[in-house]
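A.B. asks: Okay, here's the structure, questions in a sec.
Any read-out appearing in this document is the output of simple, stated calculations on the displayed coordinates, not a laboratory observation. Keep in mind that this is a model prediction, so the values were computed, not measured. Cβ placement follows ideal geometry from the backbone for every residue including glycine, while neighbour counts extend to all protein chains displayed.
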Amino acid sequence: MRVAAARLGLVGLLLAGWELWARAQNPLLFVPPSRVLPALVRLLRLQSYPALPRELALTALEVVVAYLLAVGLGLALGFLLGLPRHVGEVYEPILAALYAIPSVVWYPSLMLFFGLGPASKIAFGLLLGFFPVVLAVLAGLRGVDRQLLTVARSMGAGPGATFLKVVLPAITATLVAGLRAGLALTAVGVLVGEVLGARGGLGALLNHAYGFLRTPDYAALAVVALAVVVGLDAIAARVEGRARRWAS
């Protein structure tokens, strides 16, 4: 209870400071919270952007497709490289180095290759979501106790039983953390891709509002984008909690 009250108090102080500061600035560039709420109401009533449901559906579709591809490719490559222990030790630093490169530098090439349509946004989301998954698999497999594998094999467990009874529970905590991070980064990648250049989607609406100095609408759209990412992360957090309980 005290923690919740402290959080609410901090949020209230930040909003009050934001309100006072924004009112002293250029209203075309800075918007106080008192103007964001009416803009958010107009947005949700489909007054400012009637096409919001269609654009949100497009963004959601791009996120789902990109995430499924990221998970599929990440799991496949992670197990392919990680199960042979020495292969994973060779390639994991290379993947980590590629992951360290700012992902936005890849987007112009993706847009040139895939165009301004959904394909480039899916590719960018896939790129951001892929690395946390594959690196989580490699890290999890590297941390499996080799003695447990030896004991399982000595007791007659085959490859499938060893994987299900020993390897999978051992890597679950690391794996679900990577899947959760991959989901958030996939959503961010799709939104950033839409902002940088798209014909549709929530990011395209953000770009439109920003370009025409519709600052209250821009802030309201940013709140919606934030709600989408936070909502996805909350769902992933619940799944992560259940997976950790299963593994323990």
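A.B. asks: With a cut-off of 8 Å between alpha carbons and a minimum separation of six or more residues, what is the relative contact order of segment 169-235 in percent?
C.D. replies: 29 percent
A.B. asks: Can you compute the helix-only [θ] at 222 nm over the chain? Use -39500 (n - 2.57) per DSSP H run of at least 4 residues, normalise by all residues, nearest 500 deg cm²/dmol.
C.D. replies: Values: 11 runs with 199 residues, N = 248.
About -27000 deg cm²/dmol.
A.B. asks: Ok, one more. Ordered by packing density, taken as the mean number of other Cβ atoms within 10 Å over each peptide's residues, highest first, how do 227-233, 131-137, 35-41 rank? Can you show the working numbers first?
C.D. replies: Working: 227-233: 14.4, 131-137: 24.6, 35-41: 16.9.
Output ranking for 227-233, 131-137, 35-41: 131-137, 35-41, 227-233.
A.B. asks: Also, I was wondering about something else. Between Leu28 and Val87, how many nm apart are label points set 7 Å from Cα along the C-beta direction?
C.D. replies: Each label point is offset 7 Å from its Cα along the Cβ direction, giving 5.9 nm.
A.B. asks: While we're looking at this one, here's another question. Tell me the relative contact order for segment 31-247 as a rounded percent, counting alpha carbon contacts under 8 Å between residues six or more apart. Don't skip to the end; give the middle numbers.
C.D. replies: Values: 253 pairs, mean separation 62.7, N = 217.
For segment 31-247, the relative contact order is 29 percent.
A.B. asks: Tell me, how many Å apart are the Cα centres for segment 53-74 and for segment 204-220?
C.D. replies: Their Cα centres are 23 Å away from one another.
A.B. asks: Which of the peptides 235-241, 57-63 is most tightly packed, and how do the rest follow, going by the mean number of other Cβ atoms within 10 Å of each residue? Let's see the in-between values first.
C.D. replies: Details: 235-241: 13.3, 57-63: 21.3.
The most tightly packed comes first, giving 57-63, 235-241.
A.B. asks: Let me ask something else. May I ask you to order 11-21, 176-186 by the average number of other C-beta atoms within 10 Å around their residues, highest value first?
C.D. replies: Working: 11-21: 11.5, 176-186: 23.1.
Going by the mean number of other Cβ atoms within 10 Å, highest first, we get 176-186, 11-21.
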